[in-house]
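The block underneath contains the structure these notes are about, expressed in structure tokens.
The values are calculated or read from the model by the stated rules, or taken from the named source; none is laboratory data. This is a predicted model, so every value here is computed, not measured. Virtual Cβ from ideal backbone geometry, glycine too; neighbours counted across all protein chains shown. The area values use the complete protein model at the heavy-atom level, side chains included, leaving out ligands, DNA and RNA. Shrake-Rupley method; radii C 1.70, N 1.55, O 1.52, S 1.80 Å.
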Amino acid sequence: MTKQVILTGVRSNEEPTLANYLGAFVPMVEMQKKYAGEYQINMFVPDLHSFTTPVDHTALYQSTLTNVKYFIAAGLDIDNPDTFVYRQSFIPAHSELTWILDCFTYVGEMSRMTQFKEKSGEHSESVTMGLFNYPVLMAADILLYNAAYVPVGEDQFQHLEITRDIATRFNNKFGEIFTVPADTKTQTSFIKRDSGLRIRSLTDPTKKMSKSSTEEKSKILLSDDPGTAAKKVMSATTDSVGVVHFDFETQPGISSLLQILSLLTGRTQEEVNAEWVGSTSYGEFKKAVADAVRDFLTDFQRRFASISDEALIAKLEASEQAMAEIANATLLRAQTAVGLRRG
Ligand code: TYM
């Protein structure tokens, strides 16, 4: 029997942040540790998604490779035979299926996508068709490989839901062509998290930490000098309550730091809260978080530096060949369903 697929991707448009690490890299690595052997693990870089908003195209090719290295530094074992690591644009079926799905997706439903609304606001001078169409390409990424589980942060949940809607609509019209991925509730209980993570900006903790933010102090980059990152934590926005509580409604800045501390040190949120809730020294508390961030980055960057390009390229090429076969088989089913190929 073929194995069920767990799949995720991280764009290479900007340097990944601590939020990407905690929201996507870590859950995927945990999935691999827990399920490799039982499930197929697909980790890919959606390089075509990377320029839905403007990027430096001269750096894109290299930053795609760097992104894969970040996954490996986060603990992804590329020697595992059930794990496939690939670049989206190296498998043309992604683009081809997107066109077919486009013709079964409504402008109205795409216009409701929160990310589109937010990003088109930020880049109002250059709202491209790519930005609008991005969730359909994401649906193709997932459906081509019959993925059941897609560990992503909370900001991508709406895109997962639209993937389910598109797949269900297509199946209702043409028969069981696509595997419909699990709903977000089932996903989060499978991934063993209460909800998708939403790591907050350090300067405005009511917003998510975003790699495309131009405000350097709002985010911790995985490539940040560890000392500089620690300073960003020390200057993070908190509040004037003066006592540490874990409550995102009333103290989002402090709560976000408590969350980061728990996730980086591998202790439960309850353990970390038991140590810090009630403390009246924000300085001491921030220093504990800053130290954890500094230690994490030092260790992470050491692992990153030891990854060889040759091993990485060999794995990418082998995976791209293997995954193209699966993607092409799904594409052919869809092409046949819509009448482009003989049934
Ligand atoms: P991207 O590249 O913007 O983000 C990569 C992953 O990081 C998560 N993330 C966060 N998690 C917690 N807190 C945050 N503040 C935070 N910011 C980002 C994202 O949820 C994501 O899991 N469209 C996707 C890439 C993609 C994809 C796919 C993912 C393309 N095709 C197919 C899964 C399956 C994106 O833009 O992620």
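Using the structure shown, decide if Leu76 is within 15 Å of the ligand (Cβ to nearest atom), among the aliphatic types (A, V, I, L, M), out of contact with any Gly (no Cβ under 7 Å at 6 or more places or on another chain) and in a helix (DSSP H, G or I). Please lay out each step first, then the result.
Details: within 15 Å of the ligand (Cβ to nearest atom): yes; among the aliphatic types (A, V, I, L, M): yes; out of contact with any Gly (no Cβ under 7 Å at 6 or more places or on another chain): yes; in a helix (DSSP H, G or I): no.
No: the conditions fail for Leu76.
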Query raised in the report: In segment 143-199, what residues are free of Cβ contacts under 8 Å to residues at least 24 places away in the same chain, of a type in the set (S, T, N, Q) and surrounded by fewer than 18 Cβ atoms within 10 Å (Cβ to Cβ)?
Result: Thr168, Asn171, Asn172, Thr186, Ser189
Query raised in the report: Is one or more of the residues making up segment 89-110 within 15 Å of the ligand (Cβ to nearest atom) and in contact with a Lys or Arg (Cβ under 7 Å, 6 or more places away or on another chain)?
Result: no
Requested in this report: Take segment 310-343 and flag every residue that is within 15 Å of Trp99 (Cβ to Cβ), within 25 Å of the chain's Cα centre (by Cα) and of a type in the set (A, V, I, L, M).
Outcome: Ala327, Leu331
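Restricting to segment 282-296, count the residues that are farther than 10 Å from Leu257 by Cβ and surrounded by 13 or more Cβ atoms within 10 Å (Cβ to Cβ).
Within segment 282-296, the subset farther than 10 Å from Leu257 by Cβ is 283-284, 287, 291, 294-296.
Then keep just the ones that are surrounded by 13 or more Cβ atoms within 10 Å (Cβ to Cβ); that gives 287, 291, 294-296.
Result for segment 282-296: 5.
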Query - Ile260, sole failed condition from (1) within 11 Å of the ligand (Cβ to nearest atom); (2) touching a Ser or Thr at 6+ places or on another chain (Cβ under 6 Å) - result: (2)
Report task. Quick one: count up the residues across segment 1-20 that are more than 7 Å from the ligand (Cβ to nearest atom) and under 21 Å from Leu144 (Cβ atoms). Result -> 7
Query raised in the report: Here are some conditions: (1) open to solvent by 80 Å² or more (accessible area, probe 1.4 Å); (2) closer than 30 Å to Phe44 by Cα. Val338 meets all but one. Which one does it not meet?
Result: (1)
Query raised in the report: Thr58 is checked against (1) within 13 Å of the ligand (Cβ to nearest atom); (2) not in a strand (DSSP E or B) and fails just one. What number does that condition carry?
Result: (1)
Query - Members of segment 86-127 that are open to solvent by 30 Å² or more (accessible area, probe 1.4 Å) and of a type in the set (Asp, Glu) - result: Glu96, Asp102, Glu118, Glu122, Glu125
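Answer yes or no as to whether Gly130 is open to solvent by 10 Å² or more (accessible area, probe 1.4 Å) and within 29 Å of Leu316 (Cα to Cα). Working first, answer last.
Numbers: open to solvent by 10 Å² or more (accessible area, probe 1.4 Å): yes; within 29 Å of Leu316 (Cα to Cα): yes.
Yes, satisfied.
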**Report entry** Among residues of segment 28-55, those that are among the hydroxyl-bearing types (Ser, Thr, Tyr) and part of a strand (DSSP E or B), counted
**Finding:** 1
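Being over 23 Å from Pro46 (Cβ atoms), among the aromatic types (Phe, Trp, Tyr), more than 9 Å from the ligand (Cβ to nearest atom) and in the same structural domain as Thr98 (by TED's automatic domain parsing) is the requirement here; does Phe132 meet it?
Numbers: over 23 Å from Pro46 (Cβ atoms): no; among the aromatic types (Phe, Trp, Tyr): yes; more than 9 Å from the ligand (Cβ to nearest atom): yes; in the same structural domain as Thr98 (by TED's automatic domain parsing): yes.
Taking the combined requirement at face value, the residue does not satisfy it.
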Query raised in the report: Of the conditions (1) over 18 Å from Leu22 (Cβ atoms); (2) surrounded by 16 or more Cβ atoms within 10 Å (Cβ to Cβ); (3) out of contact with any His (no Cβ under 8 Å at 6 or more places or on another chain), Lys219 fails just one. Which one is it?
Result: (1)
Report task. Would you check if Ser279 is in a helix (DSSP H, G or I) and of a type in the set (Ser, Thr, Tyr)? Result -> no
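Do any helices (runs of 4 or more DSSP H) lying entirely in segment 155-265 carry at least 1 residues that are more than 19 Å from the chain's Cα centre (by Cα) and not assigned by TED's automatic domain parsing to the domain that holds Val293, and which ones are they? It would help to see each step written out before you state the result.
Values: elements: 157-174, 184-191, 226-234, 252-265.
Answer list for segment 155-265: 157-174.
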Requested in this report: Please give the number of the condition Val26 fails out of (1) more than 14 Å from the chain's Cα centre (by Cα); (2) within 15 Å of the ligand (Cβ to nearest atom); (3) modelled with pLDDT under 95.
Outcome: (1)
